[in-house]
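Structure record follows, encoded as structure tokens.
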Number of protein chains: 2
Amino acid sequence: MVTDRGLQVLRAIVQDFVDTREPVGSKAIVERHAFGVSAATIRNDMALLEDEELIAAPHTSSGRVPTDKGYRVFVDHLAEVRPLSPAQRTAISAFLDGPGDLDDVLVRTVRALTQLTGQVAIVQYPSFARATVSHVELVQLGGGRMLVILVTDTGRVSQRLAFVHDEFDENDLARVRGDVSVLLVGRPVREGAQRVEERLAQPDASPSPREAAIVAIIRVVAEELEEFRQDRLVMAGAATLARSESDFRGSIYPLLEAIEEQVTLMKLMSEMVADDHGLAASIGRENEPFGLGEASVVASEYDATGARARVGVLGPMRMDYPTNFAAVRAVARYLTRMLDEDETAR
Amino acid sequence: MVTDRGLQVLRAIVQDFVDTREPVGSKAIVERHAFGVSAATIRNDMALLEDEELIAAPHTSSGRVPTDKGYRVFVDHLAEVRPLSPAQRTAISAFLDGPGDLDDVLVRTVRALTQLTGQVAIVQYPSFARATVSHVELVQLGGGRMLVILVTDTGRVSQRLAFVHDEFDENDLARVRGDVSVLLVGRPVREGAQRVEERLAQPDASPSPREAAIVAIIRVVAEELEEFRQDRLVMAGAATLARSESDFRGSIYPLLEAIEEQVTLMKLMSEMVADDHGLAASIGRENEPFGLGEASVVASEYDATGARARVGVLGPMRMDYPTNFAAVRAVARYLTRMLDEDETAR
DNA sequence: AATTGGCACTCAGAACAGGTGAGTGCCAGA
DNA sequence: TCTGGCACTCACCTGTTCTGAGTGCCAATT
């Protein structure tokens, strides 16, 4: 039932409200936007928009504020992603260019993104579930402590401590390493995890020190592989929440908690549904299941050596969606290009 | 000029204010504390305390609030650290007991501490400057990427990527590793750093691929050792700041920023002056140089394999110092014991 | 059928006034 | 040195009024 102009009015309301933080009234709209009709006409349109629950009035005699649904329509139909300014582009390169391992690059990515958008920036580690293990390294630390290092072809390195209660000489160590390597090297993480489980299920063939060590090592490998499955996040800009605090009816506690938890945000990011361009937004109440009913997330997919993951921003529902879409998309593209360059250099 | 009873009054004011968040008046004091004198007498004492700038009145006809100086006197002379309840002790063990590498233990430590105190918990990594390098490991990842892994006797493991533009076979790799190891293994990090610098200053004797690789590797080792010097922090409980937000006149922005920065907090923690028991507090304006003039930090030293570091909590000036002292001290002791156990098992 | 000007109405928020009470400072007497 | 008493201050609560931004609705216009 909402007319075409009605939608333009919705757009105006969203834009002005994001700008001013104030509920926007019919008169303000005719002043700031060239609709060529009177305030009364706008009012009629606004009444319709309110019927459709796209906007709402905080109290009877006040301007209107977009609802969750209103923002949703805005991002789906009304917001064109405008390209970044040259200045912003150079800012991205300034942050991201230069060598560095995966950790480095991702940290710089979130810094750039929080700078660009003024929101909390989040990036998922590329999924390692499909990565393959390329190296297993064992280092004896003394006192029966054995450092187990796993390296994947995507460049992720992780270490863990195993307790083996014995010392090994070079030869034995090499053999233990060989036994463990056979299970993992060159195989996708998921498959490796399965083989490790099978191995653990076997009864101890021989209760030799070497066998005991192998079991201990495999056990921590299993733990580590489990962590590979639930990937991690890198974040920056939590402090910006204090700035936009007034946008949250309640406190920013749930947001800070989610940032510390990571798990929640991880799930949220993973479950977002992307459009054809890999862009996705999750708005207000849509985040209720995660305890973030007053926040929005804008994210984009990026590509790291074939593994897809997401990068995005988290902020108040009242955020500048077009700008954030643009920033997130630009950073995602840059990131993809960087990690692919890395790949070609391999 | 302040009498002995005057100090007791100060103590009462601090305690009640921490309890109630309300400025406390003379009448409230005689009601809640058994001073055996009248409100008028208390008023006289309060006037003296105000002269000494230990307390202040938000406005003329209102109760008093402790000043920074007042809190300082309180923690220095009036607060007895009361031991934790058995329930709290078991809570600590529940969190901390169990195996795990250094990272693990420290993460669990801050979780326990934030749980116990309701404040932001912080722990410094034990200083690695005096640690010795016990292993150097090189792993070729293909594409000229070489993973350099350093392990110290304190259990810290770190990795970094070097780009070497050549592939090596097992023998060459072993020789390169040997050359690098000679510089570092068995030596304190500080000394190793120096030898690395010297090596870099040498003109390339022979421009062989191996020499080039060694230089590239040594370069990233130098970077890594530099990072050893500026140790890191582990934190938890940032979300609790949202709860005690009203205790900060300004916003919690500076706090969140400091938490993200880490460097600031690192310095602050390092510069705190401990008493005989290794306990230290830094209160309100004393933190002004770090931009945290409205916050307090309570910290305790702990011992990890001979390397001293600190563990503490960060919160509003209006915090429960005795409880926090007790919690921080208990956790520090537990931590010391755990890391020493680890040591004896070596 | 869509648009418009006009108008009555609503209601949050500011401005003001009066009352209350918690709290103070001070002083004279115990 | 302590105490009761007393005048005084001032934040805060309450109630009242006023204002203005903004609405909803309707009859007239295009």
* Mind jotting down the distance between the C-alpha centroids of the stretch A:150-189 and the stretch B:247-311, whole Å? => 40
* Calculate how steeply helix A:86-96 sits against the longest principal axis of the alpha-carbon atoms of chain A, using the helix alpha-carbon long axis, and give the answer as 0 to 90 degrees to the nearest 10. => 20
* Structure fact -> Listed residues A:Gly315, A:Gly284, A:Gly63; largest mean-square fluctuation, Gaussian network over chain A with Cα springs below 10 Å, found at A:Gly63
* **Partner lysines for B:Lys69 [C-alpha distance under 25 Å; skip if fewer than 8 residues away on the same chain]** => B:Lys27, B:Lys267
* To do: With +1 on each Lys and Arg Cβ and -1 on each Asp and Glu Cβ, and nothing else charged, work out how big the dipole of chain A is about its Cα centre, in Debye to the nearest 20.
  => 780
* Asked: Per residue of A:258-268, how many C-beta atoms from partner chains lie within 10 Å of its own C-beta, taken as a mean?
  -> 1
* In nm, spacing of pseudo-spin labels at A:Arg111 and A:Arg285 (7 Å Cα→C-beta vector) -> 4.1
* **Label zone at A:Arg190 (point 7 Å along Cα-to-Cβ), backbone N below 19 Å, the stretch A:260-285** => A:267, A:270-272
* Could you tell me which of rounded, prolate or oblate describes the stretch B:1-67, using a ≥ b ≥ c as the square roots of the eigenvalues of the alpha-carbon gyration tensor, with rounded for a/c under 1.5 and, failing that, prolate when a/b is larger than b/c and oblate otherwise? => rounded
* Structure fact -> In debye to the nearest 20, the charge dipole size for the protein assembly as shown, taken about the Cα centre with +1 at each Lys and Arg Cβ and -1 at each Asp and Glu Cβ, equals 1060
* Structure fact -> Dividing the alpha-carbon radius of gyration of the stretch B:227-305 by 2.2 N^0.38 Å, where N counts its residues, gives 1.14
* Structure fact -> Per DSSP loop assignment and a cutoff of at most 16 other beta carbons within 10 Å, chain B keeps its longest run without exposed GluC sites (Glu not before Pro) at B:168-346
* To do: For an R0 of 25 angstrom, estimate the FRET efficiency from the Cβ-Cβ distance between B:Ser251 and B:His59 and round to the nearest 0.05.
  => 0.65
* Label-to-label distances across copies for A:His77, with labels 7 Å out along Cα→Cβ, in nm, shortest first? -> 7.3
* Principal axis lengths of the stretch B:92-244 from Cα atoms, whole Å, largest first? -> 62, 29, 29
* How are the Cα pair distances of the protein assembly as shown distributed, in percent, across 20 Å bins from 0? -> 15, 41, 32, 12, 0
* **Label geometry 7 Å along the beta-carbon vector: B:Glu167 inter-copy distances in nm** => 3.7
* Asked: Just how far, in whole angstrom, is the stretch A:12-51 from the stretch B:77-117 if you go by their alpha carbon centroids?
  -> 56
* **For residues of A:138-146, the mean tally of beta carbons on other chains within 10 Å** => 4
* Averaging sequence separations of C-alpha pairs under 8 Å and six or more residues apart, then dividing by the length of the stretch A:270-346, give the relative contact order as a whole percent. => 25
* Structure fact -> For chain B, longest principal axis from Cα atoms; helix B:170-184 axis from its Cα atoms; angle between them, nearest 10 degrees, is 40
* Asked: Along Cα→Cβ at 7 Å, what distances in nm separate the B:Gly293 label point from those on the other copies, shortest first?
  -> 4.0
* Helix A:209-229 axis, angle to chain A major axis (alpha carbon atoms, nearest 10°) -> 10
* Structure fact -> Amide H neighbours of B:Val120 at under 5 Å, excluding residues fewer than 5 places away on the same chain, with H built from the backbone geometry, are B:Leu314
* **P(r) weight above 38 Å for chain A, C-alpha pairs, percent** => 34
* For B:Ala274 and B:Arg333 in the same chain, what is the full-extension length gain: residue separation times 0.36 nm, less their Cα-Cα distance, in nm? -> 19.7 nm
* Taking θ as phi - 60°, what are the ³J(HN,Hα) couplings along the stretch B:245-250 by the Karplus curve (6.51, -1.76, 1.60), each to the nearest whole Hz, with x for Gly and Pro? -> 4, 5, 7, 9, 4, x
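No value in this document is a laboratory result; all are computed from the given coordinates. In this text the structure is predicted, and so the values were computed from the model without any measurement. Cβ: placed from backbone, ideal geometry, glycine included. Neighbour counts: every protein chain shown.
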